[in-house]
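To start, the structure itself, in structure tokens.
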Amino acid sequence: MSKSTKATSKTTLSNALFEQIGGVNWQFRPDFVLNTADATTHVSPVTEEVSSLETLEPDTTPDARTVVVLGQGLDDIWQNEAQQAWLLWQNIVQVFDWDDAQIVFFDTAHLASEEMIFTTMEEVIELGVDWVLSMDEEHALSDMLQEGVQVVQVPDLESMLMDPYAKQTFYNTVVSTAGLLSARS
């Protein structure tokens, strides 16, 4: 009788080498809580806030807010599992704990006429959002929306696929924007 053994790899990369090949070493902030299960093992001011949110109606929690995304070429990427950009977006959604149902996107490539731009602007305003993620800062819609909502300029998905610093910029921008808005509330 022969015994089969399972080989496990012990090869690891140093942090410097990992960053050199384009990886990003993410670190949790000490006051960050992933979910309410973590809140029972980690006590901080944030966990008290999370506990108090559990008693609110589902429609009034911050997680129920709509996220609006503007960008060129989003129609080709959206829900296309063959696209690396879609897989990257799914990772972003997971990191920020957003629900697919709360994300509304507008492909700026299709907004060629002034009528289409105004119609889209009205749709965004009707959603009642505080801020909009724009991956197309050159588009007229981004300029027009700035009068009513905070338009947050972020790198587009293709840039984030090519440049790890673009991913870091996206993350830092969204975190700081969400932090500023929650501090105002």
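Using θ = phi - 60° and the Karplus form 6.51 cos²θ - 1.76 cosθ + 1.60, what ³J(HN,Hα) does each residue of region 130-144 get, whole Hz, x for Gly and Pro?
8, 8, 10, 8, 10, 9, 9, 5, 7, 6, 4, 4, 4, 5, 5
What do you get for GluC sites (Glu not before Pro) in region 90-185 restricted to DSSP loop and a cutoff of at most 10 other Cβ within 10 Å of the site's Cβ? Can you show the working numbers first?
On the way: sites: Glu114, Glu115, Glu122, Glu123, Glu126, Glu137, Glu138, Glu147, Glu158; in loops: Glu137, Glu138, Glu147.
Answer in residue order: Glu138, Glu147.
Would you please give the residues with an amide H less than 5 Å from that of Val68, counting only those at least 5 places away or on a separate chain, with H modeled from the backbone geometry?
For Val68, the qualifying residues are Val104, Leu133.
Between rounded, prolate and oblate, where does region 70-138 land on the alpha carbon gyration tensor, with a ≥ b ≥ c its root eigenvalues, rounded for a/c under 1.5, else prolate if a/b exceeds b/c?
Values: a/c = 2.35, a/b = 1.40, b/c = 1.68.
Since a/c reaches 1.5 but b/c is at least a/b, the shape of region 70-138 is classed as oblate.
Just so you know, all these numbers are worked out from the coordinates, no wet-lab data involved. Bear in mind that the values here come from a model prediction, so they are computed numbers and not experimental data. Ideal geometry is used to build each Cβ from the backbone, glycine not excepted, and the neighbour counts take in all protein chains shown.
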